[in-house]
1. Report relative contact order for the stretch 168-269 in percent, whole number only (criteria: Cα-Cα under 8 Å, sequence separation at least 6).
2. Give the shape of the stretch 22-165 as rounded, prolate or oblate, defined through the alpha-carbon gyration tensor: a ≥ b ≥ c are the square roots of its eigenvalues, a/c under 1.5 means rounded, and otherwise the shape is prolate if a/b is larger than b/c and oblate if not.
3. Looking at the stretch 103-247 from every direction and averaging, what is the projected area of its Cα convex hull in nm²?
4. List the equivalent ellipsoid semi-axes of the stretch 168-269 in whole Å, largest first, each obtained as the square root of 5λ for an eigenvalue λ of the Cα gyration tensor.
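Coordinate-derived values only; no laboratory data. Keep in mind it's a predicted model, so treat the numbers as computed, not measured.
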């Protein structure tokens with residue numbers, strides 16, 4: 001009996017010692033998974049491989065992203081698998097996307113069965129070619145769930161601190177003057193802050209029924225077929241902006257597709 005008691009004590013001691021070792025292994029596996037996730041995202045501009053990025057997430061993934069903009073305003077937005085996919089697809093549709101993400105420190109990783117969590121601090125930036133679109137840092141709390149042997153992100157709570165914003169959703173209000181002019185007021189990002197710009201659009205009909213549009217020293221021509229063209233100083237170079245039917249729609253298009261296309265990935269018109 002004494003022999004059996006001793007043997008049982010030995011087996012119990014081995015089991016208790018081995019259990020934390022197993023969890024430590026899972027922690028290392030989870031850290032490796034985080035590093036792979038960072039690497040694949042940072043290469044997304046070259047690979048365009050959205051599918052490999054989405055493989056790190058569960059289909060019922062959900063998140064809350066809290067962002068402090070350069071205005072100091074706090075925005076809280078929910079996200080899910082579908083919106084994540086749309087975001088990644090928008091990134092790869094840029095002319096020359098260069099996303100960058102670097103984990104500065106992993107504060108904590110814990111595993112409990114098929115569930116785990118990680119808290120990390122990271123730096124990010126997004127370039128389109130040489131143009132910086134956004135730069136900042138964030139703290140993420142990620143909840144992982146093990147599916148078919150792989151750790152996948154099921155939930156995220158993200159605190160995003162934007163240091164520089166050179167492209168964003170812009171706000172715009174359009175006014176109509178008494179002399180058939182349109183005045184636009186656009187709020188656009190300029191790096192550390194937002195600036196407000198006023199643009200005055202005037203329309204002048206020519207003898208051939210084409211319409212000249214003047215705005216801040218720029219000249220556009222609105223043809224009778226409703227196409228809008230930008231003609232440059234020597235008249236040998238021209239650029240088609242698009243096609244619209246009404247004066248107000250033409251103003252929207254010139255703002256969105258020409259004047260502020262480098263600042264605003266989208267313009268929210270408030271009028």
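1. On the way: 184 pairs, mean separation 24.7, N = 102.
Relative contact order comes out at 24 percent.
2. Numbers: a/c = 1.74, a/b = 1.43, b/c = 1.22.
Because a/c hits 1.5 or more and a/b exceeds b/c, the stretch 22-165 counts as prolate.
3. On the way: hull surface 59.0 nm².
Here the figure is 14.8 nm², rounded to one decimal.
4. Details: eigenvalues 115, 49, 28 Å².
After diagonalising the Cα gyration tensor, the semi-axes are 24, 16, 12 Å.
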